[in-house]
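The values are calculated or read from the model by the stated rules, or taken from the named source; none is laboratory data. All figures in this text were calculated on a predicted structure; none of them were measured in a lab. Here the Cβ positions follow ideal geometry from the backbone for every residue, glycine too, while neighbour counts run over all protein chains shown.
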Amino acid sequence: MGLESRLPTGILLTSVEKFVGWSRAGSLWPATFGLACCAIEMMATGAGHYDLSRFGMEVFRASPRQADLMIVAGRVSQKMAPVVRNLYDQMADPKWVIAMGVCASTGGMFNNYTIVQGVDHIVPVDMYVPGCPPRPEMLMDGIIKLHEKIRNEQFVERPRKGESMEDFRRRTGWKDPDPNEPVVTPHGPFAQLPQVGR
C-alpha cells in the first residue's frame, strides 16, 4: 500500500541502526586472551569440531587494537586486573566483554584476597557464561545472545515504554536531579570500587 508496493523486487528497507547492528553482530573479532582452564574450552570452540567461524568469529586477533570482543576466560588475579583493564582500554569502540566461567563472573571457588571476585569490578561485562569450565556449546550460546543484544542496540537513548519525558530526561542526564531527593552513595566494602562505565 505504501512505498513498499512501488519498489522493484529485491529492494530491502531498514533503518541505519538495524543495518549497523546486523553488520556489527556478524563481524565480531575476539581478542586472543585466556587466563586459566576456561581458555582450553574457548580454544576448542574456535577449533574445527565446533566451528566458531559460522558466526563470523574465526579470527582471534593477537592485538587488542584489532579486536572488539574480549572473552575473559578464567580467574583474574589482583596482579592481572590492571593488565585486563589496559587491554580493554586499547580495544576500539564499540567493544563488548563476555565473562566466561564462574571464576570470571564471581570469583568462583577462589574466595580469597588474590582473586578478583568478578571481572565486572574491572571492565563492564555484556554477557555472563556460567560453568566450571563452561562447555563450548555454552560459550556459543552466550555469543549468540550477545549477537542479539548487539543487533538491538540503539545509537541514541530513547524513552522506555510508558516513561514520561521528564523521567527520561532525568534518567539520561538531560535534566538536573531534584535537589529534594536524597543522594544514595555506596557504603561498605563497595565504596572503594572504581566506577565502571562504557
Condition test on residue 99, is it of a type in the set (Gly, Ala, Ser), modelled with pLDDT under 90 and either over 18 Å from residue 31 (Cβ atoms) or not in a helix (DSSP H, G or I) (or both)? no
Here the residues within region 77-96 that are part of a helix (DSSP H, G or I) and within 15 Å of the chain's Cα centre (by Cα) are 84, 85, 87, 88, 89
Any chance region 143-159 includes a residue that's more than 26 Å from residue 23 (Cβ to Cβ) and either assigned to a loop (DSSP other than H, G, I, E, B) or at pLDDT 85 or above (or both)? yes
Among (1) modelled with pLDDT of 90 or more; (2) assigned to a helix (DSSP H, G or I), residue 105 falls short only on (1)
State all residues of region 103-125 that are closer than 23 Å to residue 57 by Cα and buried (at least 19 other Cβ atoms within 10 Å of the Cβ); if no residue qualifies, say none. 104, 105, 119, 123, 125
How do the pairs read when you match residues in region 21-50 that are over 18 Å from residue 104 (Cα atoms) with residues anywhere that are β-branched (Val, Ile, Thr) and surrounded by 14 or more Cβ atoms within 10 Å (Cβ to Cβ), using Cβ under 7 Å and keeping only pairs 6 or more apart or on different chains? 21/150; 24/150; 25/150; 29/59
